[in-house]
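Participant: Have a look at the structure that comes next, please.
The values are calculated or read from the model by the stated rules, or taken from the named source; none is laboratory data. The structure presented is a predicted model; accordingly, all values stated were derived computationally and were not measured. Heads up, the Cβs are rebuilt from the backbone with ideal geometry, glycines too, and the neighbour counts pull from every protein chain shown.
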Amino acid sequence: MMLKTFACAVLLSIVCLGQTFAETGQKPDKAASYQVPSIKIGYGDLIAVNMFDNPNFSGQFRVNSHGDIVLPLIGHVHVFGETADTAGTQIAKRYVQAGILKPDNAYATVSIVEYASQGITVNGEVKTPGVYPALGVRMLNDVIAAAGGLTPTAASKVIITHRDDPSDPMTVTYDPESLRPVIPHVQLLPGDSVLVPRAGIVYVVGDVVRSGGFVLDGRQPLTIEEAMALAGGGGKAAALKRVQLVRTLKDGRKEVIAVSVKDIFKGKAPDVALQDGDVVYVPTSTGRMVAQRALSAAIGVGSQVTIYKTAYY
């Protein structure tokens, strides 16, 4: 009796274990949950056509500027925008319609041998812009990493133009440096392009704790008080009542606006919203001539200063 009970227990354990393995095997892999889109045929692509049992009709054919290939006996066949499968079906149908092949043995397979653009173009605020290989499908984050990553002046949005839909670029949020990193799982195909725009930047220079450029990046407007906080505040000899805001006008001229940061801190003067390219110059309590020279240097501020990015979200 005990032996029979033991055997039943072992059998039950094997059944449960088998169900566990089955459930584990059926559990979808997160990485495999992304469907690989079908790559469409484009202008200039080289495609291979293999006609079943008809080698004379097979070969490699270049897609012309009209989106056609020229096949033996039937001439022009429009394949632009088709996938390899649909192009094969269309080619076989054309041979049947022309009375050259019977439906029973009209079967064509098509593959894309060479793309007119073999890579993915990455431009803008990345460390190494260029064209990067795209053998099949690649993810956005992989391509940006291949380009060396973002520069400090990169915006948190990326513009993607797909090869098969150039008139409808898409903009996605991409901000790996935020408090909660935003890295979208966007698939890229050969011929696609990625543009990383430049973020807006304001500069705080002069007698401050941390002089440099601070990224605006299209979020809520940055004010002078907030910019001063990012710069660590004024130095021990800072003349906060004589701060100069240097702004570039649309015609290229420079406008210098006197601002009393001390009054802003006390709530006696309204805060000022900054614009892309603004320079906030904090002078020291020294002679007028020295301050004027320092202001002239501040107007020419540019890539030589340190750029700071603040983590958001």
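Participant: Please specify each residue of region 98-114 satisfying the condition of being among the charged types (D, E, K, R) and either modelled with pLDDT of 90 or more or over 21 Å from Val63 (Cβ atoms) (or both).
Facilitator: First, the residues of region 98-114 that are among the charged types (D, E, K, R): 102, 104, 114.
Listed by number, the residues that qualify are Lys102, Asp104.
Participant: Can you pull out every residue in region 253-266 that is part of a strand (DSSP E or B) and either over 39 Å from the mean Cα position of the chain (by Cα) or surrounded by 15 or more Cβ atoms within 10 Å (Cβ to Cβ) (or both)?
Facilitator: Hits for region 253-266 are Ala258, Val259.
Participant: How many of the residues in region 65-77 are surrounded by 14 or more Cβ atoms within 10 Å (Cβ to Cβ) and under 40 Å from the mean Cα position of the chain (by Cα)? Can you show your working first?
Facilitator: Taking region 65-77 as the starting set, the residues that turn out to be surrounded by 14 or more Cβ atoms within 10 Å (Cβ to Cβ) are 67-69, 71-72, 74, 77.
Pick out the ones that are also under 40 Å from the mean Cα position of the chain (by Cα) and you get 67-69, 71, 77.
Within region 65-77, residues that are surrounded by 14 or more Cβ atoms within 10 Å (Cβ to Cβ) and under 40 Å from the mean Cα position of the chain (by Cα) number 5.
Participant: What are the residues in region 211-252 that are modelled with pLDDT under 90, more than 34 Å from the chain's Cα centre (by Cα) and of a type in the set (Lys, Arg), if any?
Facilitator: Within region 211-252, just Lys236 meets the criteria.
Participant: Let me ask something else. Take the residues of region 129-142 that are within 14 Å of His162 (Cα to Cα) and at pLDDT 90 or above: which is surrounded by the fewest Cβ atoms within 10 Å (Cβ to Cβ)?
Facilitator: So the residue we want is Met139.
Participant: Filter region 115-128 for residues that are modelled with pLDDT of 90 or more, outside any loop (DSSP other than H, G, I, E, B) and at negative phi and give the result. Even if it seems obvious, please write down each step before you answer.
Facilitator: Residues of region 115-128 modelled with pLDDT of 90 or more: 120-128.
Okay, now just the ones that are also outside any loop (DSSP other than H, G, I, E, B), so 120-124, 126.
Those that are modelled with pLDDT of 90 or more, outside any loop (DSSP other than H, G, I, E, B) and at negative phi: Ile120, Thr121, Val122, Asn123, Val126.
Participant: Out of all the residues in region 148-181, which are closer than 11 Å to Val122 by Cβ and more than 11 Å from the chain's Cα centre (by Cα)?
Facilitator: Selection gives Gly148 alone.
Participant: Separate question: If Gly206 satisfies all but one of (1) out of contact with any Ser or Thr (no Cβ under 9 Å at 6 or more places or on another chain); (2) farther than 30 Å from Gly148 by Cβ; (3) in contact (Cβ under 8 Å) with a residue 60 or more places away in the chain, what's the number of the condition it fails?
Facilitator: (1)
Participant: Let me spell it out: the conditions are (1) touching a Phe, Trp or Tyr at 6+ places or on another chain (Cβ under 8 Å); (2) surrounded by 20 or more Cβ atoms within 10 Å (Cβ to Cβ); (3) under 30 Å from Val243 (Cβ atoms), and Asp175 meets all of them except one. Which number is the exception?
Facilitator: Among (1) touching a Phe, Trp or Tyr at 6+ places or on another chain (Cβ under 8 Å); (2) surrounded by 20 or more Cβ atoms within 10 Å (Cβ to Cβ); (3) under 30 Å from Val243 (Cβ atoms), the lone unmet condition for Asp175 is (3).
Participant: So, of the residues in region 152-172 that are part of a loop (DSSP other than H, G, I, E, B) and without any contact (Cβ under 8 Å) to a residue 40 or more places away in the chain, which turns out to be surrounded by the fewest Cβ atoms within 10 Å (Cβ to Cβ)? Steps first, please.
Facilitator: Initially, region 152-172 is screened for residues part of a loop (DSSP other than H, G, I, E, B), giving 152-153, 155-156, 162-169.
Pick out the ones that are also without any contact (Cβ under 8 Å) to a residue 40 or more places away in the chain and you get 162, 165-169.
Working: His162: 18, Asp165: 12, Pro166: 11, Ser167: 5, Asp168: 7, Pro169: 12.
Within region 152-172, the match that is surrounded by the fewest Cβ atoms within 10 Å (Cβ to Cβ) is Ser167.
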